[in-house]
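Encoded as C-alpha cells, the structure appears first; notes follow it.
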Amino acid sequence: MEQLTPLIVLGVLALVALAVVWYVITRFLVNVGSQEVAIKERRYLGRRMPQGRVVATEGEVGIQPTF
C-alpha cells in the first residue's frame, strides 16, 4: 500500500494539471467560423490607451486592429 500512495498523488496532480490546461484552452482560445466576425481585445498586460482613442496600437490594452 505504501508504494501506491506516490502513484495516487501523481495521478491526482496530473488530473489537476489537465484541468488547468483545459480551462486555459477553453477560456482564452476561440474558434471563429467562416461565417462569423470576431473582435480582438487585449484586456491584460499593456499600456493604457490615451483618452479619446477608439483603437489600441501595438502594446496597448483595448480593441486591437488586425491587417
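The values are calculated or read from the model by the stated rules, or taken from the named source; none is laboratory data. Model, not experiment: these values are computed from the prediction. Don't worry about glycine lacking a Cβ; one is built from the backbone with ideal geometry, like all the others, and counts go over all protein chains shown.
The C-beta contact set for segment 53-67 (first residue over 11 Å from residue 42 (Cα atoms), second residue part of a strand (DSSP E or B) and modelled with pLDDT under 80, distance under 9 angstrom, 6+ apart or interchain) is empty. Restricting attention to segment 17-67, the residues that are exposed (fewer than 10 other Cβ atoms within 10 Å of the Cβ) and of a type in the set (Phe, Trp, Tyr) add up to 3.
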